[in-house]
Number of protein chains: 2
Amino acid sequence: MKNKMNIKDPRASRSRQALLDAGIQAFLQNPNASLTEVATFAGVGRATLYRHFETREQLIQEMAKESLIQIDKAMAPIYEKNLKGSFAIKAMFEVSMPVADRFHFLLSLWNIANEDTKVREIYDRQLNEINTLVEQGKRAGEIKSDMTTTWIVTLIDCLIYAGWWSIKDGHLDAKSASELAIASLFGGIQT
Amino acid sequence: MKNKMNIKDPRASRSRQALLDAGIQAFLQNPNASLTEVATFAGVGRATLYRHFETREQLIQEMAKESLIQIDKAMAPIYEKNLKGSFAIKAMFEVSMPVADRFHFLLSLWNIANEDTKVREIYDRQLNEINTLVEQGKRAGEIKSDMTTTWIVTLIDCLIYAGWWSIKDGHLDAKSASELAIASLFGGIQT
DNA sequence: GCACTATGATACATCTACGTTTCAAAGTTA
DNA sequence: TAACTTTGAAACGTAGATGTATCATAGTGC
(Lines give C-alpha, C1' and ligand atoms only; values in the text may rest on other atoms or scores of the structure.)
Protein backbone atom coordinates (compact mmCIF):
# COMPACT_ATOMS: atom_id res chain seq x y z
CA MET A 1 0.00 0.00 0.00
CA LYS A 2 2.24 2.78 -1.28
CA ASN A 3 -0.76 4.97 -1.93
CA LYS A 4 -0.20 8.55 -0.89
CA MET A 5 -3.16 10.80 -0.41
CA ASN A 6 -3.23 14.25 -1.93
CA ILE A 7 -3.13 16.73 0.93
CA LYS A 8 -4.62 19.37 -1.33
CA ASP A 9 -7.89 17.47 -1.20
CA PRO A 10 -9.82 18.80 1.80
CA ARG A 11 -11.06 15.31 2.63
CA ALA A 12 -7.54 13.97 2.81
CA SER A 13 -6.12 16.75 4.94
CA ARG A 14 -9.11 16.57 7.25
CA SER A 15 -8.67 12.83 7.71
CA ARG A 16 -4.95 13.15 8.21
CA GLN A 17 -5.28 15.82 10.87
CA ALA A 18 -8.09 13.96 12.61
CA LEU A 19 -5.90 10.86 12.76
CA LEU A 20 -2.90 12.71 14.16
CA ASP A 21 -5.05 14.38 16.80
CA ALA A 22 -6.81 11.16 17.70
CA GLY A 23 -3.45 9.44 17.96
CA ILE A 24 -2.26 11.93 20.55
CA GLN A 25 -5.37 11.43 22.64
CA ALA A 26 -5.46 7.67 22.28
CA PHE A 27 -1.78 7.01 22.93
CA LEU A 28 -1.71 9.49 25.79
CA GLN A 29 -4.43 7.51 27.49
CA ASN A 30 -3.02 4.12 26.55
CA PRO A 31 0.34 3.69 24.81
CA ASN A 32 -0.81 0.30 23.51
CA ALA A 33 -3.94 1.59 21.86
CA SER A 34 -4.69 -0.31 18.67
CA LEU A 35 -4.97 1.41 15.33
CA THR A 36 -8.61 0.43 15.32
CA GLU A 37 -9.09 2.57 18.40
CA VAL A 38 -7.19 5.46 16.85
CA ALA A 39 -9.27 5.33 13.69
CA THR A 40 -12.51 5.07 15.61
CA PHE A 41 -11.44 7.94 17.84
CA ALA A 42 -10.68 9.99 14.73
CA GLY A 43 -14.04 9.15 13.25
CA VAL A 44 -12.58 7.56 10.13
CA GLY A 45 -12.42 4.01 8.83
CA ARG A 46 -9.47 1.82 9.69
CA ALA A 47 -8.58 1.44 6.02
CA THR A 48 -8.27 5.20 5.71
CA LEU A 49 -5.67 5.22 8.43
CA TYR A 50 -3.55 2.83 6.40
CA ARG A 51 -4.03 4.98 3.31
CA HIS A 52 -2.36 7.86 5.16
CA PHE A 53 0.24 6.02 7.22
CA GLU A 54 1.93 2.89 5.98
CA THR A 55 2.62 1.39 9.42
CA ARG A 56 1.95 1.96 13.06
CA GLU A 57 5.51 3.17 13.46
CA GLN A 58 5.13 5.75 10.73
CA LEU A 59 1.99 7.12 12.32
CA ILE A 60 3.77 7.54 15.64
CA GLN A 61 6.75 9.16 13.97
CA GLU A 62 4.54 11.61 12.09
CA MET A 63 2.79 12.42 15.35
CA ALA A 64 6.14 13.02 16.99
CA LYS A 65 7.27 15.32 14.20
CA GLU A 66 4.06 17.29 14.39
CA SER A 67 4.41 17.70 18.14
CA LEU A 68 8.05 18.72 18.00
CA ILE A 69 7.24 21.27 15.32
CA GLN A 70 4.49 22.62 17.52
CA ILE A 71 7.06 23.14 20.29
CA ASP A 72 9.21 24.97 17.76
CA LYS A 73 6.34 27.23 16.83
CA ALA A 74 5.61 27.96 20.48
CA MET A 75 9.26 28.78 21.13
CA ALA A 76 9.72 31.00 18.08
CA PRO A 77 8.48 34.24 19.74
CA ILE A 78 10.97 33.73 22.56
CA TYR A 79 13.92 33.74 20.21
CA GLU A 80 12.43 36.58 18.19
CA LYS A 81 12.22 38.68 21.34
CA ASN A 82 15.87 37.80 21.86
CA LEU A 83 15.31 36.51 25.37
CA LYS A 84 18.37 34.90 26.95
CA GLY A 85 19.25 32.63 29.85
CA SER A 86 16.81 32.37 32.72
CA PHE A 87 14.34 34.75 31.06
CA ALA A 88 14.10 32.51 28.06
CA ILE A 89 13.78 29.43 30.29
CA LYS A 90 10.93 31.02 32.20
CA ALA A 91 9.21 31.95 28.96
CA MET A 92 9.73 28.40 27.77
CA PHE A 93 7.75 27.04 30.69
CA GLU A 94 4.93 29.42 29.94
CA VAL A 95 4.62 28.39 26.32
CA SER A 96 5.37 24.71 26.90
CA MET A 97 2.82 24.00 29.58
CA PRO A 98 -0.24 24.41 27.36
CA VAL A 99 1.20 21.97 24.80
CA ALA A 100 2.89 19.69 27.30
CA ASP A 101 0.47 16.87 26.59
CA ARG A 102 1.68 16.68 23.00
CA PHE A 103 5.19 16.73 24.31
CA HIS A 104 4.73 13.93 26.75
CA PHE A 105 2.59 11.40 24.98
CA LEU A 106 5.98 10.83 23.40
CA LEU A 107 7.48 9.64 26.65
CA SER A 108 6.14 6.12 26.33
CA LEU A 109 6.57 5.94 22.57
CA TRP A 110 9.97 7.52 22.35
CA ASN A 111 11.70 4.25 21.48
CA ILE A 112 9.59 4.15 18.31
CA ALA A 113 9.61 7.85 17.47
CA ASN A 114 13.35 7.93 17.94
CA GLU A 115 13.84 5.48 15.07
CA ASP A 116 13.07 8.29 12.66
CA THR A 117 16.03 10.39 11.53
CA LYS A 118 14.06 13.59 11.19
CA VAL A 119 12.58 13.19 14.67
CA ARG A 120 16.00 12.69 16.21
CA GLU A 121 17.28 15.68 14.30
CA ILE A 122 14.61 18.05 15.59
CA TYR A 123 14.77 16.70 19.12
CA ASP A 124 18.53 16.99 19.36
CA ARG A 125 18.40 20.56 18.14
CA GLN A 126 15.75 21.47 20.71
CA LEU A 127 17.75 19.86 23.48
CA ASN A 128 20.78 21.81 22.32
CA GLU A 129 18.83 25.02 22.45
CA ILE A 130 17.86 24.41 26.07
CA ASN A 131 21.48 23.58 26.77
CA THR A 132 22.48 26.93 25.34
CA LEU A 133 19.93 28.78 27.45
CA VAL A 134 21.23 27.14 30.61
CA GLU A 135 24.81 27.99 29.69
CA GLN A 136 23.76 31.57 29.06
CA GLY A 137 22.13 31.67 32.48
CA LYS A 138 25.27 30.34 34.09
CA ARG A 139 27.49 32.92 32.39
CA ALA A 140 25.09 35.68 33.42
CA GLY A 141 25.44 34.52 37.01
CA GLU A 142 21.74 33.65 37.20
CA ILE A 143 22.20 29.91 37.56
CA LYS A 144 24.43 27.94 39.91
CA SER A 145 27.49 26.84 38.01
CA ASP A 146 28.24 23.92 40.30
CA MET A 147 25.37 21.97 38.83
CA THR A 148 26.07 20.35 35.49
CA THR A 149 24.12 21.65 32.54
CA THR A 150 23.05 18.10 31.78
CA TRP A 151 21.43 17.80 35.19
CA ILE A 152 19.62 21.10 34.87
CA VAL A 153 18.26 20.17 31.47
CA THR A 154 16.96 16.91 32.92
CA LEU A 155 15.46 18.89 35.76
CA ILE A 156 13.69 21.26 33.38
CA ASP A 157 12.27 18.33 31.46
CA CYS A 158 10.99 16.73 34.64
CA LEU A 159 9.43 19.98 35.82
CA ILE A 160 7.56 20.31 32.56
CA TYR A 161 6.39 16.78 33.21
CA ALA A 162 5.37 17.61 36.79
CA GLY A 163 3.37 20.59 35.59
CA TRP A 164 1.68 18.66 32.85
CA TRP A 165 0.84 15.87 35.27
CA SER A 166 -0.82 18.31 37.63
CA ILE A 167 -2.78 19.83 34.77
CA LYS A 168 -3.92 16.39 33.65
CA ASP A 169 -5.00 15.53 37.19
CA GLY A 170 -7.04 18.71 37.33
CA HIS A 171 -5.05 20.15 40.22
CA LEU A 172 -3.70 23.09 38.23
CA ASP A 173 -4.30 25.11 35.10
CA ALA A 174 -1.55 25.84 32.59
CA LYS A 175 -0.78 29.27 34.00
CA SER A 176 -0.34 28.28 37.64
CA ALA A 177 1.50 25.12 36.63
CA SER A 178 4.14 27.13 34.81
CA GLU A 179 4.39 29.60 37.69
CA LEU A 180 4.90 26.82 40.19
CA ALA A 181 7.39 25.03 37.98
CA ILE A 182 9.41 28.20 37.50
CA ALA A 183 9.36 29.02 41.21
CA SER A 184 10.37 25.47 42.10
CA LEU A 185 13.13 25.29 39.53
CA PHE A 186 14.81 28.54 40.42
CA GLY A 187 14.02 28.96 44.09
CA GLY A 188 13.30 25.47 45.40
CA ILE A 189 10.82 24.73 48.14
CA GLN A 190 12.90 25.84 51.08
CA THR A 191 11.77 28.88 53.06
CA MET B 1 -4.00 -23.65 35.53
CA LYS B 2 -4.71 -23.05 39.20
CA ASN B 3 -1.53 -24.81 40.17
CA LYS B 4 0.33 -23.03 42.92
CA MET B 5 3.95 -23.79 43.49
CA ASN B 6 5.28 -24.47 46.95
CA ILE B 7 7.60 -21.63 47.86
CA LYS B 8 9.27 -23.86 50.43
CA ASP B 9 10.77 -25.81 47.58
CA PRO B 10 14.07 -24.11 46.73
CA ARG B 11 13.48 -24.72 43.03
CA ALA B 12 10.17 -22.91 43.14
CA SER B 13 11.38 -19.92 45.11
CA ARG B 14 14.42 -19.62 42.89
CA SER B 15 12.26 -19.65 39.77
CA ARG B 16 9.81 -17.18 41.23
CA GLN B 17 12.47 -14.71 42.23
CA ALA B 18 14.28 -15.07 38.91
CA LEU B 19 11.02 -14.32 37.11
CA LEU B 20 10.26 -11.24 39.19
CA ASP B 21 13.78 -9.92 38.70
CA ALA B 22 13.73 -10.65 34.99
CA GLY B 23 10.36 -8.94 34.70
CA ILE B 24 11.75 -5.73 36.17
CA GLN B 25 14.63 -5.73 33.73
CA ALA B 26 12.56 -6.71 30.71
CA PHE B 27 9.67 -4.34 31.29
CA LEU B 28 12.00 -1.51 32.21
CA GLN B 29 13.65 -1.88 28.85
CA ASN B 30 10.41 -2.47 26.95
CA PRO B 31 6.98 -2.23 28.59
CA ASN B 32 5.56 -4.49 25.88
CA ALA B 33 8.03 -7.29 26.42
CA SER B 34 6.41 -10.67 25.86
CA LEU B 35 6.26 -13.29 28.56
CA THR B 36 8.51 -15.43 26.38
CA GLU B 37 11.16 -12.75 26.72
CA VAL B 38 10.67 -12.53 30.46
CA ALA B 39 10.98 -16.28 30.88
CA THR B 40 14.04 -16.47 28.65
CA PHE B 41 15.59 -13.57 30.52
CA ALA B 42 14.93 -15.38 33.79
CA GLY B 43 16.47 -18.56 32.42
CA VAL B 44 13.33 -20.62 32.95
CA GLY B 45 10.83 -22.19 30.58
CA ARG B 46 7.76 -20.28 29.54
CA ALA B 47 5.50 -22.93 31.06
CA THR B 48 7.13 -22.39 34.43
CA LEU B 49 6.20 -18.74 34.28
CA TYR B 50 2.55 -19.71 33.93
CA ARG B 51 2.89 -22.15 36.82
CA HIS B 52 3.87 -19.25 39.07
CA PHE B 53 1.68 -16.48 37.69
CA GLU B 54 -1.73 -17.14 36.22
CA THR B 55 -1.75 -14.20 33.83
CA ARG B 56 0.43 -11.44 32.55
CA GLU B 57 -1.48 -9.00 34.73
CA GLN B 58 -0.83 -11.03 37.84
CA LEU B 59 2.87 -11.15 37.14
CA ILE B 60 2.99 -7.38 36.80
CA GLN B 61 0.96 -6.90 39.95
CA GLU B 62 3.22 -9.21 41.92
CA MET B 63 6.22 -7.31 40.60
CA ALA B 64 4.60 -4.06 41.67
CA LYS B 65 3.92 -5.39 45.16
CA GLU B 66 7.47 -6.59 45.52
CA SER B 67 8.83 -3.24 44.45
CA LEU B 68 6.57 -1.26 46.74
CA ILE B 69 7.52 -3.50 49.64
CA GLN B 70 11.15 -2.90 48.81
CA ILE B 71 10.54 0.84 49.08
CA ASP B 72 8.92 0.20 52.45
CA LYS B 73 11.94 -1.73 53.63
CA ALA B 74 14.26 1.03 52.47
CA MET B 75 12.17 3.63 54.28
CA ALA B 76 11.85 1.71 57.54
CA PRO B 77 15.13 2.96 59.10
CA ILE B 78 14.02 6.54 58.47
CA TYR B 79 10.90 6.13 60.55
CA GLU B 80 12.79 4.13 63.16
CA LYS B 81 15.24 6.98 63.56
CA ASN B 82 12.20 9.19 64.01
CA LEU B 83 13.27 11.60 61.29
CA LYS B 84 10.71 14.27 60.48
CA GLY B 85 9.93 16.78 57.75
CA SER B 86 12.73 17.84 55.46
CA PHE B 87 15.23 15.55 57.17
CA ALA B 88 13.09 12.55 56.41
CA ILE B 89 12.54 13.74 52.84
CA LYS B 90 16.27 14.08 52.32
CA ALA B 91 16.84 10.62 53.73
CA MET B 92 14.12 9.34 51.46
CA PHE B 93 16.00 10.50 48.40
CA GLU B 94 19.11 8.77 49.60
CA VAL B 95 17.42 5.43 50.10
CA SER B 96 15.14 5.72 47.07
CA MET B 97 17.71 6.48 44.44
CA PRO B 98 19.39 3.06 44.50
CA VAL B 99 16.05 1.31 44.05
CA ALA B 100 14.52 3.91 41.77
CA ASP B 101 14.58 1.56 38.81
CA ARG B 102 12.21 -0.80 40.57
CA PHE B 103 10.06 2.14 41.41
CA HIS B 104 9.85 3.48 37.91
CA PHE B 105 9.45 0.45 35.73
CA LEU B 106 5.98 0.82 37.21
CA LEU B 107 5.45 4.12 35.45
CA SER B 108 4.49 2.53 32.16
CA LEU B 109 2.63 -0.39 33.69
CA TRP B 110 0.79 1.50 36.37
CA ASN B 111 -2.57 1.12 34.68
CA ILE B 112 -2.22 -2.64 35.09
CA ALA B 113 -0.59 -2.69 38.52
CA ASN B 114 -3.23 -0.31 39.79
CA GLU B 115 -5.95 -2.86 39.14
CA ASP B 116 -4.79 -4.79 42.18
CA THR B 117 -6.35 -3.79 45.47
CA LYS B 118 -3.28 -4.57 47.53
CA VAL B 119 -1.07 -2.55 45.21
CA ARG B 120 -3.34 0.47 45.45
CA GLU B 121 -3.45 0.07 49.21
CA ILE B 122 0.33 0.12 49.64
CA TYR B 123 0.82 2.90 47.14
CA ASP B 124 -1.78 5.15 48.72
CA ARG B 125 -0.25 4.64 52.12
CA GLN B 126 3.20 5.52 50.84
CA LEU B 127 1.88 8.64 49.13
CA ASN B 128 0.19 9.59 52.37
CA GLU B 129 3.41 9.19 54.26
CA ILE B 130 5.19 11.59 51.91
CA ASN B 131 2.29 13.95 52.32
CA THR B 132 2.75 13.84 56.06
CA LEU B 133 6.47 14.53 55.78
CA VAL B 134 5.80 17.59 53.64
CA GLU B 135 3.21 18.87 56.08
CA GLN B 136 5.66 18.36 58.92
CA GLY B 137 8.24 20.35 57.01
CA LYS B 138 5.78 23.14 56.47
CA ARG B 139 4.83 23.29 60.13
CA ALA B 140 8.49 23.31 61.10
CA GLY B 141 8.96 26.31 58.83
CA GLU B 142 11.37 24.38 56.62
CA ILE B 143 9.18 24.33 53.54
CA LYS B 144 7.37 27.16 51.81
CA SER B 145 3.75 27.02 52.82
CA ASP B 146 2.49 28.89 49.77
CA MET B 147 3.07 25.82 47.63
CA THR B 148 0.40 23.14 47.88
CA THR B 149 1.45 19.87 49.40
CA THR B 150 0.10 18.10 46.34
CA TRP B 151 2.46 20.04 44.10
CA ILE B 152 5.45 19.34 46.30
CA VAL B 153 4.70 15.62 46.37
CA THR B 154 4.49 15.63 42.58
CA LEU B 155 7.77 17.49 42.51
CA ILE B 156 9.46 14.95 44.75
CA ASP B 157 8.24 12.14 42.57
CA CYS B 158 9.57 13.86 39.46
CA LEU B 159 12.92 14.53 41.09
CA ILE B 160 13.28 10.88 41.94
CA TYR B 161 12.55 10.22 38.31
CA ALA B 162 15.12 12.81 37.20
CA GLY B 163 17.76 11.23 39.39
CA TRP B 164 16.96 7.73 38.24
CA TRP B 165 17.04 8.88 34.63
CA SER B 166 20.51 10.36 35.08
CA ILE B 167 21.72 7.17 36.72
CA LYS B 168 20.34 5.09 33.89
CA ASP B 169 22.04 7.33 31.34
CA GLY B 170 25.33 6.88 33.16
CA HIS B 171 25.66 10.57 33.95
CA LEU B 172 25.46 10.09 37.70
CA ASP B 173 25.80 7.48 40.42
CA ALA B 174 23.13 6.97 43.08
CA LYS B 175 24.90 9.11 45.65
CA SER B 176 25.43 12.20 43.54
CA ALA B 177 21.98 11.83 42.03
CA SER B 178 20.35 12.03 45.44
CA GLU B 179 22.56 14.94 46.45
CA LEU B 180 21.68 16.87 43.33
CA ALA B 181 18.00 16.07 43.66
CA ILE B 182 17.95 17.24 47.27
CA ALA B 183 19.83 20.43 46.45
CA SER B 184 17.53 21.16 43.53
CA LEU B 185 14.37 20.43 45.43
CA PHE B 186 15.15 22.58 48.44
CA GLY B 187 17.37 25.29 47.02
CA GLY B 188 16.58 25.47 43.33
CA ILE B 189 19.11 26.33 40.67
CA GLN B 190 19.26 30.08 41.20
CA THR B 191 22.48 31.61 42.50
C1' DG C 1 16.33 -45.34 47.79
C1' DC C 2 11.50 -43.66 47.24
C1' DA C 3 7.60 -40.76 46.78
C1' DC C 4 6.76 -36.17 45.49
C1' DT C 5 7.08 -31.89 43.00
C1' DA C 6 9.00 -28.55 39.90
C1' DT C 7 10.81 -28.08 35.44
C1' DG C 8 11.70 -27.87 30.20
C1' DA C 9 10.21 -28.89 25.93
C1' DT C 10 6.73 -29.27 22.90
C1' DA C 11 2.41 -29.15 20.75
C1' DC C 12 -1.91 -27.01 20.67
C1' DA C 13 -5.95 -23.82 20.52
C1' DT C 14 -7.38 -19.04 20.67
C1' DC C 15 -7.33 -14.32 20.20
C1' DT C 16 -6.02 -9.91 18.75
C1' DA C 17 -3.64 -6.60 16.00
C1' DC C 18 -1.55 -5.70 11.74
C1' DG C 19 -1.71 -4.80 7.05
C1' DT C 20 -3.92 -5.67 2.25
C1' DT C 21 -7.48 -5.75 -1.08
C1' DT C 22 -11.80 -4.77 -3.23
C1' DC C 23 -15.92 -2.17 -4.40
C1' DA C 24 -19.75 0.78 -4.18
C1' DA C 25 -20.81 5.44 -2.56
C1' DA C 26 -19.84 10.04 -1.71
C1' DG C 27 -17.06 14.21 -2.17
C1' DT C 28 -14.07 17.23 -5.14
C1' DT C 29 -12.58 19.70 -9.16
C1' DA C 30 -12.91 21.56 -13.68
C1' DT D 1 -22.24 17.20 -15.76
C1' DA D 2 -18.11 14.22 -16.06
C1' DA D 3 -13.62 12.56 -14.61
C1' DC D 4 -11.11 11.79 -10.63
C1' DT D 5 -10.06 10.84 -5.74
C1' DT D 6 -11.10 9.76 -1.08
C1' DT D 7 -13.74 7.11 1.92
C1' DG D 8 -16.22 3.26 4.69
C1' DA D 9 -17.22 -1.32 5.06
C1' DA D 10 -16.09 -5.78 4.75
C1' DA D 11 -13.45 -9.86 3.91
C1' DC D 12 -9.05 -11.91 4.06
C1' DG D 13 -4.37 -13.64 5.31
C1' DT D 14 -0.59 -13.43 8.59
C1' DA D 15 2.11 -13.11 12.70
C1' DG D 16 2.83 -13.09 17.42
C1' DA D 17 1.26 -13.41 22.16
C1' DT D 18 -1.56 -15.62 25.55
C1' DG D 19 -2.80 -19.47 28.06
C1' DT D 20 -3.39 -24.81 28.44
C1' DA D 21 -2.06 -29.63 28.47
C1' DT D 22 1.16 -33.46 28.43
C1' DC D 23 5.20 -36.13 29.56
C1' DA D 24 9.75 -37.39 30.42
C1' DT D 25 13.51 -35.68 33.38
C1' DA D 26 15.70 -34.06 37.26
C1' DG D 27 15.82 -32.02 41.87
C1' DT D 28 13.99 -32.31 46.78
C1' DG D 29 12.69 -34.23 51.32
C1' DC D 30 12.27 -38.11 54.13
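Excluding the sites themselves, what is the longest stretch of chain B that contains no trypsin sites (Lys or Arg not before Pro) in a DSSP loop with at most 12 other C-beta atoms within 10 Å?
Numbers: sites that count: B:LYS2, B:LYS4, B:LYS8, B:LYS81.
No qualifying site falls inside B:82-191, the longest such stretch.
Global size of the range A:24-73: 11.2, 32 Å for Rg and Dmax (C-alpha atoms, Rg to one decimal, Dmax whole). Taken per residue, the accessible surface of the protein assembly as shown reaches 50 Å², heavy atoms only and a 1.4 Å probe. Between the Cα long axis of helix A:174-187 and the first principal axis of chain A there is an angle of about 40°, rounded to the nearest 10.
For the range B:1-54, the share of accessible area belonging to carbon and sulfur comes to 48 percent (1.4 Å probe, ligands and nucleic acids excluded). For peptide A:89-99, the mean count of partner chain Cβ atoms within 10 Å of a residue's Cβ comes to 0. Can you tell me which of B:HIS52, B:HIS171, B:HIS104 moves the most in a GNM of chain B? Springs connect C-alpha atoms under 10 Å apart. Comparing B:HIS52, B:HIS171, B:HIS104 in a Gaussian network model of chain B, the most mobile one is B:HIS171.
Out of the GluC sites (Glu not before Pro) in the range A:92-154, which ones are loop residues according to DSSP with at most 16 other C-beta atoms within 10 Å? Could the numbers behind the result be given before it?
Details: sites: A:GLU94, A:GLU115, A:GLU121, A:GLU129, A:GLU135, A:GLU142; in loops: A:GLU115, A:GLU142.
Answer in residue order: A:GLU115.
Cα centroid separation, the range B:13-87 to the range A:109-143: 34 Å.
Taking the square roots of 5 times each eigenvalue of the Cα gyration tensor of the range B:63-187, largest first, gives ellipsoid semi-axes of 22, 18, 14 Å. Taken one residue at a time, the phi angles of the range A:95-107 give Karplus couplings (6.51, -1.76, 1.60, θ = phi - 60°) of 7, 6, 4, x, 10, 5, 5, 5, 6, 9, 5, 5, 3 Hz. Gly and Pro are set to x. Amide H contacts for B:ILE143 (H built 1.01 Å from N in the peptide plane; partners 5 or more residues away or on another chain; cut-off under 5 Å): A:THR191, B:LYS138. Counting, for every residue in A:180-188, the Cβ atoms of other protein chains within 10 Å of its Cβ and taking the mean gives 6.
Normalising the Debye intensity of the range A:1-54 to I(0), with uniform scatterers on Cα atoms only, and taking log10 at q = 0.14, 0.16, 0.29 Å⁻¹ returns -0.33, -0.42, -1.13. Computed from the Kirkwood radius of its Cα pairs, the Stokes-Einstein diffusion coefficient for the protein assembly as shown at 25 °C and 0.890 mPa s stands at 108 µm²/s.
Once every DSSP H run of n ≥ 4 in chain B is given -39500 (n - 2.57) and the sum is divided by its residues, what mean residue ellipticity at 222 nm do you get, rounded to the nearest 500 deg cm²/dmol? Please report the intermediate quantities before stating the final value.
On the way: 10 runs with 142 residues, N = 191.
Mean residue ellipticity at 222 nm (helix-derived): -24000 deg cm²/dmol.
Averaged over peptide A:102-114, the number of partner chain Cβ atoms lying within 10 Å of each residue's Cβ comes to 1.
Just B:ALA76, B:ALA113, B:ALA181 to compare: in a GNM of chain B, with alpha carbon springs under 10 Å, which one fluctuates most? With Cα springs under 10 Å in chain B, the top fluctuation among B:ALA76, B:ALA113, B:ALA181 is at B:ALA76.
In the context of the full protein assembly, A:LEU106 retains an accessible surface of approximately 10 Å², using a probe radius of 1.4 Å and ignoring ligands and nucleic acids.
The charge dipole of the range B:22-80, taken about the Cα centre with unit charges on the Cβ atoms of Lys, Arg (+1) and Asp, Glu (-1), comes to about 200 debye, rounded to the nearest 20.
Which GluC sites (Glu not before Pro) in the range A:51-83 pass both tests, a DSSP loop state and at most 13 other beta-carbon atoms within 10 Å? Working shown, then result.
Details: sites: A:GLU54, A:GLU57, A:GLU62, A:GLU66, A:GLU80; in loops: A:GLU54.
Here the GluC sites (Glu not before Pro) that fit, given the DSSP loop and packing criteria, are A:GLU54.
Using the Cβ-Cβ distance between A:SER176 and B:LEU127 with R0 set to 25 Å, the FRET efficiency from 1/(1 + (r/R0)^6) comes to roughly 0.70. Assuming charge only on the beta carbon of Lys and Arg (+1) and of Asp and Glu (-1), the dipole of the protein assembly as shown about its Cα centre is about 660 debye to the nearest 20. Pairs A:LYS90/A:LYS168; A:LYS84/B:LYS90; A:LYS138/B:LYS168; A:LYS65/A:LYS168; A:LYS73/B:LYS175; A:LYS168/B:LYS118: which exceed 30 Å Cα-Cα? Checking Cα-Cα distances, A:LYS84/B:LYS90; A:LYS73/B:LYS175 exceed 30 Å. In the range B:119-148, the residues whose accessible area drops by at least 50 square angstrom when the other protein chains are added to the isolated chain are B:LYS144, B:MET147; the probe is 1.4 Å and only protein heavy atoms count.
For the pair B and A, how large is the buried accessible area, both sides, in square angstrom to the nearest 100, if the probe is 1.4 Å? Please list the in-between numbers first.
Working: alone 11140 and 11100 Å², together 19230 Å².
That pair of chains buries around 3000 Å² in total.
The convex hull around the C-alpha trace of the range A:1-149, projected and averaged over every direction, spans 10.3 square nanometres. Extension gain for the segment A:LYS4 to A:THR148, taken as residue separation times 0.36 nm less the Cα-Cα distance, is 47.2 nm to one decimal. Judged by the ratio a/c of the largest to the smallest principal axis of the C-alpha gyration tensor, the range A:149-191 counts as oblate, that ratio being 1.5 or greater while a/b is no larger than b/c.
The values are calculated or read from the model by the stated rules, or taken from the named source; none is laboratory data. Owing to the predicted nature of the structure, the values given are computational and were not obtained by experimental measurement. Reconstructed Cβ throughout: ideal geometry from the backbone, glycine too, with neighbour counts over all protein chains shown. Ligands, DNA and RNA are stripped out before the accessible areas are found, and what is left, the full protein with its side chains, is counted by its heavy atoms. Shrake-Rupley method; radii C 1.70, N 1.55, O 1.52, S 1.80 Å.
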